[in-house]
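The next block holds one structure in the form of structure tokens; read it before the comments.
The values are calculated or read from the model by the stated rules, or taken from the named source; none is laboratory data. Values in this document were obtained by computation on a predicted structure and should not be read as measured data. No Cβ is skipped: glycine too gets one built from the backbone with ideal geometry, and neighbour counts run over all protein chains shown.
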């Protein structure tokens with residue numbers, strides 16, 4: 001049976017401020033990318049979100065970003081590879097500690113925001129991220145954007161002895177080059193659940209994505225990222241999962257099938 005993972009960014013509340021619909025969305029995903037305190041989240045939020053994932057049988061992932069609370073990790077910072085390595089290692093270690101408290105295994109690491117976007121195709125940044133992951137736990141999966149950079153990421157991950165998984169976004173528009181369209185572009189975020197579900201199903205069945213110019217991109221897709229921070233998030237995730245499972249595709253945590 002074909003398998004696919006559904007991942008979602010979670011634990012992005014901070015102090016008295018609540019973000020996302022974690023409690024509702026978690027019932028429909030299989031992996032959670034948990035903010036580590038640099039772009040969002042705090043120790044109490046991390047503790048609660050790891051427990052929420054455990055209680056729902058969802059794989060736990062660290063979601064490290066730049067030290068940029070004000071900009072929510074979406075501003076480009078001029079950091080050296082060594083700084084990137086240390087930022088990632090620090091944050092992965094934080095989530096791994098809460099995993100130990102709750103008796104669960106850290107499944108994956110997925111960079112957030114600008115750290116994620118700036119690393120796409122950037123060999124020195126990819127190496128820094130991989131070095132951090134491998135240094136903390138070689139059994140953790142590196143989750144990266146699929147597409148043209150996949151061979152580069154795979155080679156670097158293989159050299160470090162860690163596994164890698166590739167993702168796609170049904171609720172984000174793609175450029176013809178296979179990168180995410182800037183959020184400033186009209187239509188960059190797809191909010192219609194039916195459209196997103198149709199895109200997700202094509203990703204899961206065929207490994208294909210339609211770019212903004214109508215061209216069709218083919219890539220390895222192990223997991224589909226859905227966002228839980230908009231009013232239609234719950235309906236969106238529920239619709240995506242039900243449409244995939246209706247086609248006989250098993251929706252399971254990536255750790256159960258990524259080799």
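Taking region 110-134 as the range and being surrounded by 18 or more Cβ atoms within 10 Å (Cβ to Cβ) and in a loop (DSSP other than H, G, I, E, B) as the test, the residues that pass are 110, 111, 112, 120. For residue 153, are the conditions met, namely being touching a residue at least 60 places away in the same chain (Cβ under 8 Å) and part of a helix (DSSP H, G or I)? The answer is no for residue 153.
The condition (being within 24 Å of residue 160 (Cα to Cα), out of contact with any helix residue (DSSP H, G or I) (no Cβ under 9 Å at 6 or more places or on another chain) and modelled with pLDDT of 95 or more) is satisfied by just one residue among 124, 119, 114: 114. Only residues that are under 15 Å from the mean Cα position of the chain (by Cα) and not in a loop (DSSP other than H, G, I, E, B) were counted across region 135-149, and they come to 5. Across region 211-232, a minimum of one residue is classified as out of contact with any helix residue (DSSP H, G or I) (no Cβ under 7 Å at 6 or more places or on another chain), under 21 Å from residue 113 (Cα atoms) and buried (at least 22 other Cβ atoms within 10 Å of the Cβ). Of all the numbered requirements in (1) surrounded by 23 or more Cβ atoms within 10 Å (Cβ to Cβ); (2) in contact with a helix residue (DSSP H, G or I) (Cβ under 6 Å, 6 or more places away or on another chain), residue 156 misses one, and that requirement is (1).
Would you confirm whether or not region 177-193 contains a residue that is in contact with a helix residue (DSSP H, G or I) (Cβ under 7 Å, 6 or more places away or on another chain) and either surrounded by fewer than 13 Cβ atoms within 10 Å (Cβ to Cβ) or over 17 Å from residue 9 (Cβ atoms) (or both)? Checked region 177-193: at least one residue is in contact with a helix residue (DSSP H, G or I) (Cβ under 7 Å, 6 or more places away or on another chain) and either surrounded by fewer than 13 Cβ atoms within 10 Å (Cβ to Cβ) or over 17 Å from residue 9 (Cβ atoms) (or both). Of all residues in region 213-246, exactly one satisfies the criterion of being without any contact (Cβ under 8 Å) to a residue 40 or more places away in the chain, part of a loop (DSSP other than H, G, I, E, B) and under 17 Å from residue 146 (Cβ atoms), namely 215.
Residue-by-condition table, conditions (1) more than 17 Å from the chain's Cα centre (by Cα); (2) modelled with pLDDT under 85:
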site	(1), (2)
174	no, no
198	yes, no
203	no, no
208	yes, no
214	yes, no
232	yes, yes
239	yes, no
242	yes, no
251	no, no
